[in-house]
Structures are given as C-alpha cells and as structure tokens.
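Peer 1: Mind having a look at this structure? Questions to follow.
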Amino acid sequence: MSSMTTDDVICRNGTIQDLGGKAFALSRLDTAELPIPEWFAVTPAAFTQSLTAELQTAIDSQRVDELHRALANLEPAAQVVQEISGALAAIDQGRGYFAVRSSAVDEDGSENSFAGQLASYLFVDADSIARRVADVWRSGFSERMLEYRRQRGLRAIPPGAPAVLVQRMVDADVSGVAFSADPVSGRRGLAIVSAVFGIGTALVGGEADADVYEVDRAGNIERLLIAHKRIRHSFDPNSAEGVSAKTVDAESMDCPALDAAQANAVAALARRAASFFGQPQDIEWALAEDKLYLLQSRPITTLRNLPDPDGVLNIWDNSNITESYNGVTTPLTFSFARSVYEGVYRQFCHILRVPKRKIVANDRTFRCMLGLIQGRIYYNLLNWYRVLALLPGFTVNRRLMEQMMGVRESLPDSIVRQLDSSSSSARIADMFSLAGMILGLIGRLVTLDRQIERFYDRLRDALQDPTPALTEMRLDELTAHYELLEERLLTHWDAPLVNDFFAMIFHGTLRKLTKSWCGDTTGLVANDAIRSQGGMISAEPAARISEMAAIVGNDPALALALRGASMDQALRAVRSNRDFREKFEEYLAKFGERCLEELKLESETLHENPSTLLRSIGELASAPEMASRSSSNVDAASDAQRQIQRQLRGSPVRRLIINWVMRMATATVRQRENLRFERTRLYGRVRRIFRECGKRLHAMGSLEAADDIFYLQVEEIISYVDGNAVTADLKQLVAVRRAEFARYKETRPPAGRFETNGAVYHAQSYRTKVSAQTHHTDENERHGIGCCAGVVRGVVHVVDDPRNARLPGGSILVADHTDPGWIMLFPSASGLLVERGSLLSHSAIVARELGIPAIVSIPGLLDWLKTGDIVELDGATGTVQRLSPKEQHAE
C-alpha cells in the first residue's frame, strides 16, 4: 500500500483526491512518527468499481428519485471487499474494532466543510467494515447532503462518493480535542486541551462538558477549568452507533480528566502536529491504558484573521504628524521621511549627550520611529518613548516631549515604567548625566545664534544651483547629488533641532510662569506675549496675499477670473495685469515650494498648479475688510507684555526672569518657523531631484510614466543605479504598489491612535479598542486649546481638501488639520477651528501672527460641525458653541 495506480481502491499514500482530507493528513503525519492508530483509506475508485448501471444513470441524469432507489442496493464490489479484507489482515490480522469515517476532499475545508453531513461509525468489527463503507457512500447522497449542496450552489448530485477512512478503534479512557494555539484569543503560545471521560463523541456531540487546560510553551497550566462531567461515552455492542452514554461515578464527576503531565503530553502532541504541518492544528486525541494516540489533525483556519495578543506591542499615533503627512503617502515620501527622522533623532540624542554606545545599542529603535499603515504615516509611539528614555532625566522631560509631539493621550505609567527600567545606581548616574546635559545646553543656548547662522551658510551652499543643472544631469549624477545633500544637510540638522528644543522649553516655561505669577489660567497672556511682532516668514505669505487681493479688488474682470474661471483662463487674466503679475511671480519665486502637503514629495507645488493660491486671492478680493485685521498683532503682543509688567510690578526678580523667558520664547518660536521654511526649500530640492530621476527612468523604458517614481523607495532608486537592487523590474514593482495604494485611498482610514500585536500587517483592525470619544454634557458645545484670543460668530466652512477650495470671506475655517500650504486660505478666515494640533503646531503659530481667533485639538470636530452651521468661538478659553436658529438672530 505504499503506492497506487488510478484503479487502486485501498491506499495509505496518494493525493488528496485519492485519500480525502482526513486520510491525506494522516498519510503526511505517518512520516512524522506520531502515535497514530493503524489505518487505510478506501478511495473513490472503490465506489466507481461498485456502481450499478441504475445508480450511474441516476447520477448522470441528476434524478433524485431514481438515485435513492438505486442506493438501496449499493454494496462494495467483490474486488473491493477482497482488498478491504487484505488491508484488515495487515493490521494485526484484523482483530479488534475499527472506526469507519468519511474523508471527503474538502470535508474540513474553509468554504464547504460538509461538517456533520457525512456518516461515521465506531467500534465496527472486521466483518462489518465493507457494509459500513457502503453506508458512508450512501451518506454522500442523503437528502440532507443534497440540500446542503443546493444551498451552496453546488451540483445537486455529486459525481462520486467520498473516500472512506478505516482506522483501528481506540477504546479511550479519556479523549478530546486540542488546539496548538488558542483559536479564540489568537495566542499562538497557548495550547488548549479539552478532555472528557471515555470516547470523544460525548464532546463532539455536545452531550458532555469538557475540562479545559490552557498550557503555555513552558508547560505551565495557566488556567484549568474543571467541568461537572455527568456522563461518558463507552463501547456498547448493542448500540447501532457502537457507543452509549453511561453515568460517571459520583466521586469522579468533578475530578480532572487529566493530570498535569497528561495535559502537557496532549499539548505537546498538538504542537508536534503543528510543527509538522507548518501551521496551527486542531487535533482529536485519545488516551487508553496510559498510551496517547493522535486520531486526526486539521488546520485552525480562524487564526488567519486573528493577531497574536502575546506578540510585541506597538502603539501607533498620528496626532501631530498628520500636519506634515496627511492621508495616503507614497512609498518614496515615506522612505525619505523615515530616513530623515532616523538621522535627525540620532543627532538629537548626540546633542543631548547620550553616550554613543546607547545610540548604537538602540539602532533598531531609531530605524522604526515611523510606520506606514495602509499608506498613512504614524508615529511608532513606544519607540519615541524609548528614544526619550535614553535622555538624561527621562521622568523630567517626558511631559515636555509629549507637548512638542502634540500627542493627545499620554502613555500609561505602567508602560512608561517598563521602558525606563533603570536600577537605583543607574538613576543616580542619570542625575549626573542630566546635570552634564544642562551645562551642555547652556553652552548651546549661548551660541545658538551663531549655530543658526552657520546652518544658514551651510544651507545656502548646499542649495545653490548645481552644475550641471538638475534638468541636464544623468540618472547616476542625480542620485549622487541627493546623497551629497543627505550627507551635508539631512544628517546635520543640528541648529534647527536645538532651536526646536529651546522653543519647547521656553514656551512651556512661560505658560507655567504666567499661570503661577500672573493668574493666566487660560494661557492667553502667554500666547499673546510671544507674537513675534515681525520677522516670522510664515506670516509673510498672508501679507503678500492681502497685498495681491488689494490689487485684484480694483480689477473686477481679474477678480472674476480668479474666483471662477478655468486655470488657463485665470493665468491669462494674470498676465493681463502687470502689477498683479509682478507680485504673483515674486510670490512664486519665494514661496512656490510652500504648497499644500509640502513635505510630500509627490505634491504639486505652486509652480506646477497655483490654483489654490489664485482662488484664495480672488475670494479675499471680494472681502477687503478681511485683509486689514492683522494690524492689531503688535498691539496684542504689547498689551500682553504690559499686563505681565503690571502684575509683577512689586517683584523685580520675577519680572527680570519672566522678561528673559518671554524674549527667548518669542525668538525661538519665530526662528522655529523660519527654519521650517528652510526645510521646505530643502524638500523642494529633493522633490525636483526625484522628479528628474523619474523622467530619466521613463526615458530609459524602466518606468511606464515619470511619476511612477513616487511608488519606489529612495533606497530602491539608488540601488537600481548602484547595481545592488533585489528587484530590477521596476514596472512590475510599481504596478503592484499603485494597485495597493489605490485601495488604501478607497478604504476607511485607520484610527488616529491604535495598538497592534505581533506582525503589524497581519490581521490587525487598526481601530481604537476602547472608544476615545469624550462624553459631552452639552451637545452644542466643544472645547479645545485656545491659541489666539478673540470672540467670533460666523458661518462654518468645512474644508476637507484645500485644493481648489473656495473659502468665502469672513467664514470660520474648520479642518481636521492644516499644514503650511493652508496659509493661502487663512486671510479669508474670520476664525479657525482645527480637530488636531498643539500650541506649537503651524496653524496655532500662524493664526496668532495673523490675529485670527483660533482653537486647535478639538476632539470629534468634523463629526460635530457641518458647512453652514453657525458657531461662536472664543479663542481665549478654547470654547466653541453651535448656535440654535434663535441664538443666531439674537443681538
């Protein structure tokens, strides 16, 4: 029985078509030397040889009435009976009893399992085997089976009968099922053993509850649930099924069916089967006279849709990063951003005097600070905290870093303690390191202006027009130019990092001081006091837009074209007005890279598509009163500073301290925005480099289109040039990714914060486990972080995508997030409400500079407000009220 031909009716080795699901699994397990009772399979060929003419006609014609008449006379052919007898003789001369079971090809399949539809017989003597084989064949044509097939759209009468498994019967003392992994929780390291007294039919049929053992990989029983076992199934020669229910002795009903060693042996058996098949298994087992048997093994298919809760925990959060990378982001941008973040935070740790050995030891942490989930960029939050834990004084600086990152929800202290597991002696050493870091920071602070100046010099040198021009470079020259930029700038971003750190420190300190010393509970005074009073480049685009709007206001035809004409017509109208054209070209020359989603390399710049800018100018021209309201900026800052001086009139030391902190906060926040603009310029150069790479690869025939470059990673492009790529077929690679990312754009985005366990891309829901929605006592009121004082009542205009958005003058702009490219809409807004963000986010800083009352970090804002709603916002208290029709008309 080691091999077979198409006419063989008995076998132990063959295909799944010959043996069916159960028997095929046993044939594979035979090679693993597992304790399987002797067996053989009666193949479907045996049924074919046993067909009568009448039965064959009924099957061919699909006539059910004829089928059932013909089945009454079905019995195995003489040759089949003879071969069955021979196979039985090979099993210990056929003594004892046997189990006769169906073994259909897909009986345990995921689509059509046929569970419970086919017959099985236990304790069958050798003389009755052939008869029971015929009974199993008949069950394949029962009315119940035919109806099952009809419901699933299958052929009404199958063309043949299933294979039949004949196996030596184990008269079990204890039996049951076991899972090599928990099919409910998904824990791969936990085996589940269910056990009953006697034969397992009591468990399978649901007549008896089973003891349940949860066994971990070390052999420990994590949990034991002992059932009250009233009955057991045992051999009964007088029963047609071969078994009958018997009452369990009273003293045994609540005793465990297995001891710890036996439960471990069953769990180990399930794991051996899983190891052999290469996937978790669901087994049937039996224990008789202290010998353990494996009766059956099949895959646990439910685990394919379950993550392993014991797998490594990751917490993903996009609270702040969505301002830079919103929505689906291409592979090129993600790979570039991942590299930049890694390099920048290595520098950050070096600046703060983290020992080099610690930085090297956490190499993987730095490489995995960002993740790409369904095409969207997230912070790998635990890795951010691991980096934070490297810094001296972790417990002191943790809250400050959270403020800088803008995360809405801090990590639980229990998780933070796991990340900071330093010993007492290490903590003492950490305090000395903290002192050293503070001294180093003082030195950095004293020389900060000089550091920034040197950075600007390096930036100007790196970004000067290259020779030859980018448009003339070969592909290898382009990648070499990128690597030079990376070496000279991207890995030497020290001055902006130091300035950002001080901006965070001084801004947070100022808010604490004004609250403690001046009673500034809302933070309004601190916010107003650091308005830059000039010199912040982020506010310059708004001023230029207002200036251009004033010109357009005197040219009705141009205003009409900018607001509603096609872009070609609008650009022709621009060229017809010389004053406007000059201002417009000056704007593009300086701010052409400051586009929507400017940090995404795939984003269109204003050079390529100025539509948002032109529409915004046209709308603002129709509401000239909006263009002049930022003149109060200097007055607001002066008023706040005078208020602080009055509060501290009798405390000269405090006044001296707070004035210095205020000057430093103002300077570093202003410089922070200015340095971010330089980042925009650098990203613009990188964007142009890779666009040119795309053109070269398209011209070479390596890409279908030039913009396919955005679906490759940076390292893949460079490796293609250097000759160490693992995939040279870029067209196929891009095609796969385009299809995948197109699906991401059509699917519901993941939650803003969620957890994953184990493999991040397997069976994760990407949803928040516990609803993070805040309970609101008043459905018409919401609260966020007030960024710029002022009370405004107006009509809400929700902007999901600012491209070609038309914001009516005086509207209250409502958005999920903003980035620097949104500045083109700000001049037309009377107020700003943003669902995400922090006090140091771009929208908060620019709103203060422009004098626009603003509130950020309002949970559920876009689910609450719709375009056309009337609201009143208070930028000082961070309160938003949705007005009823009656309130809207009240004076």
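The values are calculated or read from the model by the stated rules, or taken from the named source; none is laboratory data. Since this is a predicted model, take the numbers as computed values, not measurements. Cβ coordinates were reconstructed from backbone atoms using ideal geometry, including for glycine residues, and neighbour counts include every protein chain displayed. Keep in mind that these areas ignore ligands, DNA and RNA; they rest on the heavy atoms of the full protein, side chains included. Shrake-Rupley method; radii C 1.70, N 1.55, O 1.52, S 1.80 Å.
Peer 1: So how much slack lies between Ile16 and Asn609, counting 0.36 nm per residue of separation and subtracting their Cα-Cα distance, in nm? Intermediate values should be presented prior to the final figure.
Peer 2: Numbers: separation 593, 0.36 × 593 = 213.48 nm, distance 6.07 nm.
Stretched fully, the Ile16-Asn609 segment lengthens by 207.4 nm.
Peer 1: Oh, and also: Karplus couplings for the stretch 759-767 from phi (6.51 cos²θ - 1.76 cosθ + 1.60, θ = phi - 60°), rounded to Hz, Gly and Pro as x?
Peer 2: 4, 5, 9, 10, 6, 8, 7, 6, 10
Peer 1: Nearest 20 debye, what's the magnitude of the dipole of the chain about its Cα centre given +1 on Lys and Arg Cβ and -1 on Asp and Glu Cβ?
Peer 2: That gives a dipole near 3700 debye.
Peer 1: Mind checking the full-extension length gain between His350 and Ala288? Use 0.36 nm per residue of separation minus the Cα-Cα distance, one decimal, nm.
Peer 2: That pair, His350 and Ala288, stretches by 15.7 nm at full extension.
Peer 1: Counting DSSP beta bridges in the chain, what percent are antiparallel, to the nearest 5?
Peer 2: 90 percent
Peer 1: Continuing with this model, one more query. Hey, what number do you get for the chain at 222 nm if only DSSP H runs of n ≥ 4 count, each worth -39500 (n - 2.57), divided across all residues, to the nearest 500? Walk me through the intermediate numbers first.
Peer 2: Values: 32 runs with 398 residues, N = 891.
So the helix-based figure for the chain works out to -14000 deg cm²/dmol.
Peer 1: Whole angstrom only: what separates the Cα centroid of the stretch 470-527 from the Cα centroid of the stretch 848-863?
Peer 2: Taking the Cα centre of the stretch 848-863 as reference, the centre of the stretch 470-527 is 22 Å away.
Peer 1: Can you tell me the equivalent ellipsoid semi-axes for the chain? Use √(5λ) from the Cα gyration tensor, largest first, whole Å.
Peer 2: Largest first, the chain gives 71, 33, 28 Å.
Peer 1: Okay, moving on. If I take R0 = 60 Å and measure r between the Cβ atoms of Ala739 and Glu251 in this structure, what FRET efficiency does the formula 1/(1 + (r/R0)^6) give, to the nearest 0.05?
Peer 2: 0.35
Peer 1: May I ask you to give the average projected area over all directions of the convex hull of the Cα atoms of the stretch 126-228, in nm² rounded to one decimal? Could the numbers behind the result be given before it?
Peer 2: Values: hull surface 39.6 nm².
That works out to 9.9 nm².
Peer 1: Have a look at Ala570, Thr522, Ala559 and report the one farthest towards the positive end of the charge dipole of the stretch 464-589, computed about the Cα centre with Cβ charges (Lys/Arg +1, Asp/Glu -1).
Peer 2: Thr522
Peer 1: Between beta-carbons, use under 10 Å as the cut-off and find the net charge around Gly684, counting Lys and Arg +1, Asp and Glu -1.
Peer 2: Cβ neighbours under 10 Å give a net charge of +4.
Peer 1: Now for a different question. Below 8 Å, C-alpha to C-alpha, sequence gap of six or more: please give me the relative contact order for the stretch 507-595 in percent.
Peer 2: About 19 percent, as a whole number.
Peer 1: Here's something else I'd like to know. Per residue of the stretch 232-249, in order, report the coupling 6.51 cos²θ - 1.76 cosθ + 1.60 (Karplus, θ = phi - 60°) as ³J(HN,Hα) in whole Hz, putting x for Gly and Pro.
Peer 2: Here the 3J(HN,Hα) series is 9, 8, 9, 4, 9, x, 8, 9, 5, 7, x, 9, 8, 7, 10, 6, 6, 3 Hz.
Peer 1: With labels modelled as points extended 7 Å from the Cα through the Cβ direction, what inter-label distance (nm, one decimal) is found for Arg654 paired with Asn780?
Peer 2: About 4.1 nm separates the two model spin labels.
Peer 1: Leaving out ligands, DNA and RNA, what percent of the accessible area of the chain is carbon and sulfur, probe 1.4 Å?
Peer 2: 50 percent
Peer 1: I would also like to ask the following. Which whole-number percentage describes the relative contact order of the chain, with Cα contacts under 8 Å and a sequence gap of 6 or more?
Peer 2: That works out to 11 percent.
Peer 1: Among Val799, Leu225, Leu122, which residue has its Cα positioned farthest towards the positive end of the charge dipole of the chain, with +1 placed on the Cβ of Lys and Arg, -1 on the Cβ of Asp and Glu, and the dipole taken about the Cα centre?
Peer 2: The residue sitting most towards the positive pole is Val799.
Peer 1: Probe of 1.4 angstrom, ligands and nucleic acids ignored: what's the accessible area per residue over the chain, in square angstrom?
Peer 2: Accessible area per residue: 44 Å².
Peer 1: With Cβ to Cβ distances under 11 Å as the rule, what net charge do the other residues near Pro280 carry (K, R +1; D, E -1)?
Peer 2: Charge balance in the 11 Å sphere: +2.
Peer 1: Could you list, bin by bin from short to long, the percent of Cα-Cα pairs of the stretch 439-556 in 10 Å steps?
Peer 2: Going out from 0 Å in 10 Å bins, the stretch 439-556 shows 10, 22, 25, 23, 15, 4, 0 percent.
Peer 1: If packing is taken as the average count of other Cβ atoms within 10 Å, what order do 133-143, 239-249 fall into, highest mean first?
Peer 2: So the order, starting with the most tightly packed, is 133-143, 239-249.
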